[in-house]
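> My questions all concern the structure below.
The values are calculated or read from the model by the stated rules, or taken from the named source; none is laboratory data. All figures in this text were calculated on a predicted structure; none of them were measured in a lab. Quick reminder, even Gly has a Cβ in these numbers, built from the backbone with ideal geometry, and neighbours come from all protein chains shown. Just so you know, the surface numbers come from the protein's heavy atoms only, side chains and all, with ligands and any DNA or RNA stripped out. Shrake-Rupley method; radii C 1.70, N 1.55, O 1.52, S 1.80 Å.
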Amino acid sequence: MKTTIKLFTALLIASLLFTSCGNANKGKKQGALSSNAAEKVYIAPGEHDEFYAFVSGGFSGQLAVYGLPSGRLFKVIPVFSVDAEKAYGFNEETKPMLNTSHGFVPWDDSHHPDISQTNGVLDGRYVFINGNNTPRIAKIDLTTFETTEIIEIPNTAGNHSSSYVTENTEYVVAGTRFAIPVPQRDMPISEYKGNFKGALSFIKVDPKDGGMDLEFQILMPGFNYDKAHPGRGDSKDWFFFTTYNTEEANTLLEVNASQNDKDFITAINWKKVADYVKKGGGKKMPANYAHNVYDDHTHAATSTMKKEVLVIDPSEVPGAIYFLPTPKSPHGCDVSPSGEYIVGSGKLSADLTVHSYTKMIKAIEDKAFDGDAYGIPILNFEAIHAGSVKQAGLGPLHTEFDGEGNAYTTFFISSEVVKWKLGTWEVVDRKPTFYSPGHLMIPGGNSRKPFGKYALVMNKITKDRYLPTGPEVTQSAQLYDITGEKMELLLDFPTVGEPHYAAGIPADLIKSKSKKFFRLEDNKHPYVAKSEEDTKVIRKGKEVHIYMTMIRSHFSPDNIEGVKVGDKVYFHVTNLEQDYDVPHGISMIGAQTSELLIMPGQTETFVWEPKQPGVWPFYCTDFCSALHQEMQGYVRVSPRSSKIKLSWSLDDE
Amino acid sequence: MQLMKKSKITMTIGSLLLLGLFVFPLWNITLEAPQYPTPLGMDIHINKFVDANEFDIKNINLMNHYVGMQYIPKTIPEFKIFPITIGIMVFLGVLFGFKATYKWYLGWFVLMSFLGIVGMYDFYLWEHDYGHNLDPKAIMKFTNPDGSIMGFQPPLFGSKDILNFRAHSYPRVGAYFMFIGMMLTAIAYFLGKKETQKIKG
């Protein structure tokens with residue numbers, strides 16, 4: 001009996017020990033790991049993140065600004081889609097920004113942001129981003145974090161291999177994903193092969209003011225131009241574009257465009273083509289595309305329709321364009337910081353194919369060609385092949401670099417990010433992602449000087465990673481610490497729209513240049529009122545123009561009479577504040593447009609067409625001050641036949 | 001050539017230091033509040049008010065209109081009187097330094113001290129008016145515990161809480177130039193006295 005009790009007690013103690021031991025271990029391990037990761041992404045209240053991340057909004061059409069490592073969202077910059085919050089595309093000033101050859105287009109699919117560079121290093125002046133659907137490239141000014149220019153790309157459909165910049169931001173490129181008839185014409189779809197074209201566009205960027213001008217288009221064979229990256233260093237005069245559908249299939253592409261064992265990376269010596277253009281090369285063809293420019297002084301955009309584009313046939317510039325055979329419908333096209341390696345991610349392959357720039361030049365000199373496609377030489381695969389990362393994963397998509405000789409590639413199908421070594425092609429580490437990543441981004445990771453501290457992986461599928469929100473769940477990005485030999489997952493955070501690609505930059509390079517407000521004295525808006533003395537109301541037939549001001553905490557004027565049913569009333573409202581973070585808003589009951597959110601020193605305009613007589617209030621929509629609620633006014637609307645004269649006042653004066 | 005006496009040099013330099021007032025601000029008022037991570041501030045020169053950061057005065061006025069305070073004027077009569085007064089004192093100081101005996105130095109010092117006190121008193125009067133002469137239609141009216149209307153006078157010297165702001169009122173570089181200059185003229189007097197005694201002895 002005693003023995004039994006002893007044995008039982010011993011067992012009980014042992015089991016307790018084991019249990020508690022196991023628990024303690026488990027708890028400790030998790031605790032230590034998670035607290036470590038938490039510390040790495042924790043930014044104390046009031047402190048600033050180390051990096052800005054500009055993450056594309058995909059089908060939201062916008063560009064979101066996050067801080068890294070915290071993953072906090074700071075701003076959604078409206079680019080290609082209307083934004084009622086900021087009145088983008090709703091106020092009279094920004095409507096021209098969304099003008100195209102198809103008229104006003106309120107939406108697009110934004111994909112690949114890229115930050116301007118000088119000598120191959122991020123300079124933090126602008127972010128460029130492409131609109132995929134109605135082909136456009138936008139420029140965002142990083143002093144105001146606002147879209148200041150959009151240029152439409154003619155002869156293009158699905159502007160996907162875009163918007164990457166050359167080493168000194170001489171050009172930003174656009175490329176057609178869908179080959180189309182050039183010029184557009186009515187023809188049978190089945191006659192695609194040999195007849196459609198793939199335009200690659202080079203948009204000149206003015207080194208002084210960043211102004212964009214479509215300088216030339218190369219009319220390539222009708223393949224699908226998917227992704228692109230410029231060369232760096234020795235290869236800086238070259239641009240590389242991946243292609244798929246070299247089969248030129250026009251239906252069931254998932255099968256018919258996956259037949260060729262190898263597609264191409266197109267290598268273009270853009271410098272050579274640009275020199276050809278300078279010497280008067282190429283020919284002008286009629287076109288119709290919009291060029292929209294926003295001015296920070298008039299606080300308004302203008303849209304100009306351009307009627308001509310310079311096109312070049314590859315045969316006109318021999319020695320400038322070559323095809324690099326690359327296995328299985330390559331998607332990502334990434335160039336190492338040195339410019340030597342061109343990584344092609346055959347998305348239907350298990351291997352990554354890496355070409356050598358040095359070998360490519362030698363192959364060109366040796367004329368190591370394997371025939372041609374539409375007259376463009378195809379270089380011999382063996383002659384240019386630097387190496388392959390074997391069986392690295394399934395479905396490689398995109399690669400970025402840390403500047404320490406390592407590359408990081410996302411694999412869509414096997415849902416992981418893989419770290420490997422340039423030159424030896426050995427896999428160093430792999431970490432799962434949740435789930436199915438598209439692009440990844442290392443700040444400066446596509447430049448000559450990466451800041452290899454974090455990798456941001458953008459996923460295509462989220463499933464169960466966050467609290468569910470019905471059938472549509474959040475989009476997501478994941479942050480990895482890449483400073484060690486092994487990568488470490490630090491953070492998941494939700495994103496706005498589908499995050500295709502991102503551009504990151506150390507915050508110190510741009511935060512001090514961020515504008516605090518617009519100077520009222522520099523305001524050149526045609527309807528500005530720079531003081532309350534300048535306010536007035538003018539009638540031009542059925543149009544009524546109200547020159548209004550706002551300052552804490554009133555509008556001037558705030559009582560307006562003499563407006564009639566059927567009038568078109570323009571509220572031109574100037575924010576007279578000259579202080580940081582004192583925007584005012586305005587909205588009018590029944591106005592079929594958005595509010596205005598006006599920054600200090602800025603003028604914006606909305607239109608109101610009153611339909612019934614009455615006294616109709618307007619108010620400030622941004623809680624601006626202790627007396628924000630009192631910031632309101634009235635417009636009296638009289639019947640059309642009324643004889644009441646136009647009058648306006650503030651405090652009966 | 002006989003070297004200039006130490007006292008004369010000191011007197012001349014001391015009075016010349018007052019010229020610093022034409023370059024540097026005399027005084028500064030700074031207002032701190034949680035919503036102003038960069039505080040609002042105003043530098044007072046002998047001839048102008050200057051924003052510590054651009055548009056600060058405009059923003060101080062905007063804040064103050066809630067409690068009915070007047071706008072800080074673009075200019076005040078003192079901005080004409082002060083430069084002339086300082087100019088005359090510098091001229092006199094240099095003149096005394098070169099031409100007069102040390103006793104005049106003391107006279108200069110006393111006169112300058114008197115003018116300084118008058119200046120401070122004038123500043124106090126303006127501040128008092130600024131902080132108490134409130135618009136009867138003020139948006140927000142505050143009373144002291146005894147029921148009297150609360151004033152918003154910034155401190156003459158030092159720091160003080162005014163509603164949500166902490167106000168600081170301190171001399172600036174110009175004032176230090178004046179202070180050191182005046183001290184030098186006082187020292188010049190004593191040096192002059194010593195030198196004279198030496199000659200006598």
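> Go over the candidates A:Glu308, A:Glu340 one by one and state the one that is touching a helix residue (DSSP H, G or I) at 6+ places or on another chain (Cβ under 6 Å) and either open to solvent by 10 Å² or more (accessible area, probe 1.4 Å) or not charged (D, E, K, R) (or both). Spell out how you get there, then give the answer.
On the way: A:Glu308 fails: touching a helix residue (DSSP H, G or I) at 6+ places or on another chain (Cβ under 6 Å).
Every option except A:Glu340 fails the conditions.
> For segment A:72-83, indicate whether the set of residues that are buried (at least 22 other Cβ atoms within 10 Å of the Cβ) and touching a His at 6+ places or on another chain (Cβ under 7 Å) is non-empty.
Within segment A:72-83, not a single residue is buried (at least 22 other Cβ atoms within 10 Å of the Cβ) and touching a His at 6+ places or on another chain (Cβ under 7 Å).
> Ok, one more. Do we find a residue being open to solvent by 70 Å² or more (accessible area, probe 1.4 Å), in the same structural domain as A:Tyr580 (by TED's automatic domain parsing) and either within 30 Å of A:Tyr66 (Cα to Cα) or assigned to a loop (DSSP other than H, G, I, E, B) (or both) anywhere in segment A:498-508? Show your work before the answer.
Our first condition is that a residue be open to solvent by 70 Å² or more (accessible area, probe 1.4 Å); within segment A:498-508, this holds for A:508.
Remaining after also requiring in the same structural domain as A:Tyr580 (by TED's automatic domain parsing): none.
Scanning segment A:498-508, I find no residue that is open to solvent by 70 Å² or more (accessible area, probe 1.4 Å), in the same structural domain as A:Tyr580 (by TED's automatic domain parsing) and either within 30 Å of A:Tyr66 (Cα to Cα) or assigned to a loop (DSSP other than H, G, I, E, B) (or both), so the answer is no.
> Restricting segment A:238-265 to residues that are more than 20 Å from A:Pro181 (Cβ to Cβ) and hydroxyl-bearing (Ser, Thr, Tyr), which is surrounded by the fewest Cβ atoms within 10 Å (Cβ to Cβ)?
Across segment A:238-265, the extreme among qualifying residues is A:Ser258.
> Would you mention how many residues in segment B:105-150 are within 14 Å of another protein chain (Cβ to nearest Cβ) and open to solvent by 50 Å² or more (accessible area, probe 1.4 Å)? Let's see the steps before the verdict.
As a first pass, look at segment B:105-150 and keep what is within 14 Å of another protein chain (Cβ to nearest Cβ): B:135, B:137-142.
Remaining after also requiring open to solvent by 50 Å² or more (accessible area, probe 1.4 Å): B:135, B:137, B:139-142.
Adding up the residues that qualify gives 6.
> Ok, one more. Looking at (1) in a loop (DSSP other than H, G, I, E, B); (2) under 28 Å from A:Gly585 (Cα atoms), which is the one condition that is false for A:His112?
Evaluating A:His112 over (1) in a loop (DSSP other than H, G, I, E, B); (2) under 28 Å from A:Gly585 (Cα atoms) leaves (2) as the failure.
> For segment B:54-75, name all the residues that are within 13 Å of chain A (Cβ to nearest Cβ), part of a loop (DSSP other than H, G, I, E, B) and within 20 Å of the chain's Cα centre (by Cα).
none
> Quick one: which of A:Ala320, A:Ala363 is crowded, with 21+ Cβ neighbours inside 10 Å, over 30 Å from A:Phe451 (Cα atoms), without any contact (Cβ under 8 Å) to a residue 24 or more places away in the chain and assigned by TED's automatic domain parsing to the domain that holds A:Gly231? So that I can check it myself, show each step before the final result.
On the way: A:Ala320 fails: without any contact (Cβ under 8 Å) to a residue 24 or more places away in the chain.
Just one listed residue meets the conditions, A:Ala363.
> Now a separate question. Does segment B:43-50 contain any residue that is assigned to a strand (DSSP E or B), surrounded by 16 or more Cβ atoms within 10 Å (Cβ to Cβ) and either within 13 Å of chain A (Cβ to nearest Cβ) or touching an Asp or Glu at 6+ places or on another chain (Cβ under 9 Å) (or both)? Explain how you work it out, then say what you get.
Here is the first cut: in segment B:43-50, the ones assigned to a strand (DSSP E or B) are B:43-44, B:49-50.
Right, trim to surrounded by 16 or more Cβ atoms within 10 Å (Cβ to Cβ) and you get B:43-44, B:49.
Among the residues that remain, those that are also either within 13 Å of chain A (Cβ to nearest Cβ) or touching an Asp or Glu at 6+ places or on another chain (Cβ under 9 Å) (or both) are: B:43, B:49.
There is at least one residue in segment B:43-50 that is assigned to a strand (DSSP E or B), surrounded by 16 or more Cβ atoms within 10 Å (Cβ to Cβ) and either within 13 Å of chain A (Cβ to nearest Cβ) or touching an Asp or Glu at 6+ places or on another chain (Cβ under 9 Å) (or both).
> Taking B:Phe22, is it surrounded by 14 or more Cβ atoms within 10 Å (Cβ to Cβ), under 30 Å from B:Asn133 (Cα atoms) and of a type in the set (Phe, Trp, Tyr)? Please lay out each step first, then the result.
Values: surrounded by 14 or more Cβ atoms within 10 Å (Cβ to Cβ): yes; under 30 Å from B:Asn133 (Cα atoms): no; of a type in the set (Phe, Trp, Tyr): yes.
When the stated conditions are applied, B:Phe22 does not pass them.
> Please give the strands (runs of 3 or more DSSP E) falling wholly within segment A:370-437 in which 2 or more residues are free of Cβ contacts under 8 Å to residues at least 24 places away in the same chain and in contact with a strand residue (DSSP E or B) (Cβ under 9 Å, 6 or more places away or on another chain).
Details: elements: A:376-379, A:385-389, A:396-401, A:406-411, A:416-421, A:427-432.
Hits in segment A:370-437: A:416-421.
> Are there any pairs with C-beta distances below 7 angstrom linking a residue in segment A:571-582 that is within 14 Å of chain B (Cβ to nearest Cβ) to a residue that is outside any loop (DSSP other than H, G, I, E, B) and of a type outside the set (A, V, I, L, M, F, W, C), with the two at least 6 apart or on different chains, and if so which?
Cβ pairs passing all conditions: A:Asn575/A:His584; A:Leu576/A:Thr549; A:Gln578/B:Lys58; A:Asp579/B:Asn59.
> Output the residue which, of all residues in segment B:76-104 that are farther than 30 Å from B:Pro136 by Cα and not in a helix (DSSP H, G or I), is nearest to the other protein chains (Cβ to nearest Cβ). Working first, answer last.
As a first pass, look at segment B:76-104 and keep what is farther than 30 Å from B:Pro136 by Cα: B:80-104.
Now restrict to residues that are not in a helix (DSSP H, G or I): B:100-101.
Numbers: B:Ala100: 51, B:Thr101: 55 Å.
For segment B:76-104, the residue satisfying everything is B:Ala100.
> Given the condition farther than 30 Å from B:Asp51 by Cα, within 35 Å of the chain's Cα centre (by Cα) and among the polar types (S, T, N, Q), answer yes or no: does some residue in segment A:603-616 qualify?
To start, the set of residues in segment A:603-616 that are farther than 30 Å from B:Asp51 by Cα comprises A:605-616.
Those left that are additionally within 35 Å of the chain's Cα centre (by Cα): A:605-608.
If we keep only those that are among the polar types (S, T, N, Q) as well, we get A:605.
Yes - at least one qualifying residue is present in segment A:603-616.
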